[in-house]
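Right, one structure below, let's go through it.
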Amino acid sequence: MRPQRPLPGEPRTLLRIAVDALRLLTMLVLAVLLQTTLAPHVRVLGASPDFTLLAVVCVGLLRGSEIGAVFGFVAGAGVAVSVFGPLGLSSFVLVIIGYFSGRYAETADTSSGFAPIVTVVVGTVVGVLLSTVMQFLLDRQVPLGFTLTRVFLPSLVLNGLLAAPVYLLARSWLREEVRKSVLPA
């Protein structure tokens, strides 16, 4: 028999915290592996799925702003180290996305099925814009027309389509099942 989830005011035990951290670590490793091994080989309309952005948004929505920001930083650093990219660029972008996804979940009603889709779409817009600005500041030549038509729009569509299934998987992985009590008839 599995123990029930603690009530909102109840203290969490060390075992529950360790299990939650292990689940987050597993999700982090899986997102970084998918981003660095599978995503470069999958192209839909010229864009690759951004599994780390999807994972960061899901963690932000399910765990809050602080954990979302830390998860975004570690995920961005993991991807940058894995692909030998510039350290800090993707971490910065994913910290911003993770933090504001968590703030959205803390201040708005996320029970709607559209909340993860809207958050992923806004996160994709913010991510592409911040990445483009950072590339410009690093003095890398990135044509605006190419970025808009070949990166931004296809990424927006692809991440928006993947948002709901990835959120459902993340929610089932990161949350314990809520037991429904059977009322006598």
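The values are calculated or read from the model by the stated rules, or taken from the named source; none is laboratory data. The structure presented is a predicted model; accordingly, all values stated were derived computationally and were not measured. Glycine gets a Cβ as well: all are built from the backbone with ideal geometry, and neighbour counts include every protein chain shown.
Details
- Residue under evaluation ASP139, criteria (1) surrounded by fewer than 16 Cβ atoms within 10 Å (Cβ to Cβ); (2) closer than 26 Å to LEU22 by Cα, criterion not met: (2)
- Looking only at the range 34-52, and only at residues there that are small (Gly, Ala, Ser) and outside any helix (DSSP H, G or I), the one that is farthest from the chain's Cα centre (by Cα): GLY46
- Remark: pairs (first residue in the range 89-102, touching a residue at least 12 places away in the same chain (Cβ under 8 Å); second residue polar (S, T, N, Q) and outside any helix (DSSP H, G or I); Cβ separation under 7 Å; 6+ apart in sequence or on different chains) are absent.
- Matching residues in the range 95-135 - criterion: being polar (S, T, N, Q) and not in a helix (DSSP H, G or I): THR110, SER111, SER112
- Within the set ARG171, ARG150, the sole residue that is among the basic types (Lys, Arg) and more than 13 Å from the chain's Cα centre (by Cα) turns out to be ARG150.
- With respect to the conditions (1) of a type in the set (D, E, K, R); (2) in contact (Cβ under 8 Å) with a residue 12 or more places away in the chain; (3) surrounded by fewer than 16 Cβ atoms within 10 Å (Cβ to Cβ), ARG43 falls short on a single one, namely (2).
- Some residue of the range 47-58 being at pLDDT below 95, of a type in the set (A, V, I, L, M) and surrounded by fewer than 23 Cβ atoms within 10 Å (Cβ to Cβ): yes
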